[in-house]
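Just below is one structure, and these are the notes that go with it.
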Amino acid sequence: MDKLKRVLSGQDAEEPGPLAEVVDASTLSWSTRIKAFIACFAIGVLCSILGSCLLWVPRKGLILFAVFYTLGNISSLGSTIFLMGPMRQLKRMFEPTRLIATIVMLLCLILTLCSAFWWHNKGLALIFCVLQFFALAWYSISYIPFARDAVKKCFAVCLS
């Protein structure tokens, strides 16, 4: 019956291949996608808040802040995969309009973790967290039409 519906609706009359069957079996419903997005984003926000609270812990506070803040940003960024799908998300991340913002953001995420774990430099970790914030904000507003232009104009007016 499904084959007849596909033929009558003008869709491909051939049997779907094994890859199409796997994709169809692994797709999530829209309500499941929304729930997963909200859960992943909430975990990201919770990690960022927890990292901010851990900033005041003696000795290891700044490292814990850097790690939890970075994990929170990764989780928040990853939450959009549930809305768009992984391939579409990657394609949109590396579009020419947001390529530089994506590279800077990913570089800041990596350098924050490197400064916390391998270099043991708290000052660099804090600097990279601040850069991470601005890079993620600049990346995020690239999805809003004309938002970057508005921010540029706002800063130009404030600085002149």
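Read-outs: derived from the displayed coordinates by stated rules, not from any lab. Since the model is a prediction, treat every value here as computed from it, not as a measurement. We place every Cβ from the backbone using ideal geometry, glycine too, and count neighbours over all the protein chains shown.
Rounded, prolate or oblate: which fits the stretch 99-152, taking a ≥ b ≥ c as square roots of the Cα gyration tensor eigenvalues, rounded meaning a/c under 1.5, else prolate when a/b beats b/c?
Details: a/c = 4.46, a/b = 2.62, b/c = 1.71.
It comes out prolate by the Cα gyration axes.
For the stretch 19-160, what relative contact order do you get, as a whole percent, if you take Cα pairs closer than 8 Å and at least 6 residues apart? If you can, show how the numbers build up before the last one.
Numbers: 136 pairs, mean separation 28.4, N = 142.
Computed over the stretch 19-160, the figure is 20 percent.
Cα gyration tensor of the stretch 56-160, axes a ≥ b ≥ c as square roots of the eigenvalues: rounded (a/c below 1.5), prolate (a/b > b/c) or oblate? Working shown, then result.
Working: a/c = 2.40, a/b = 1.37, b/c = 1.76.
Taking the square roots of the gyration eigenvalues as a ≥ b ≥ c, the stretch 56-160 is oblate.
In the stretch 25-93, which trypsin sites (Lys or Arg not before Pro) fall in coil by DSSP and have 10 or fewer other Cβ atoms within 10 Å? Don't skip to the answer; put the middle values down first.
On the way: sites: R33, K35, R59, K60, R88, K91, R92; in loops: R59, K60.
Filter output for the stretch 25-93: R59.
Mind ordering 112-119, 63-70, 96-103 by average Cβ neighbours within 10 Å, highest first? Intermediate values should be presented prior to the final figure.
Working: 112-119: 16.9, 63-70: 22.2, 96-103: 14.0.
Peptide ranking by packing, descending: 63-70, 112-119, 96-103.
Using a 10 Å cut-off on Cβ atoms, rank the peptides 147-159, 39-51 from the highest mean neighbour count down.
Working: 147-159: 10.4, 39-51: 16.8.
Ranking, from highest mean packing down: 39-51, 147-159.
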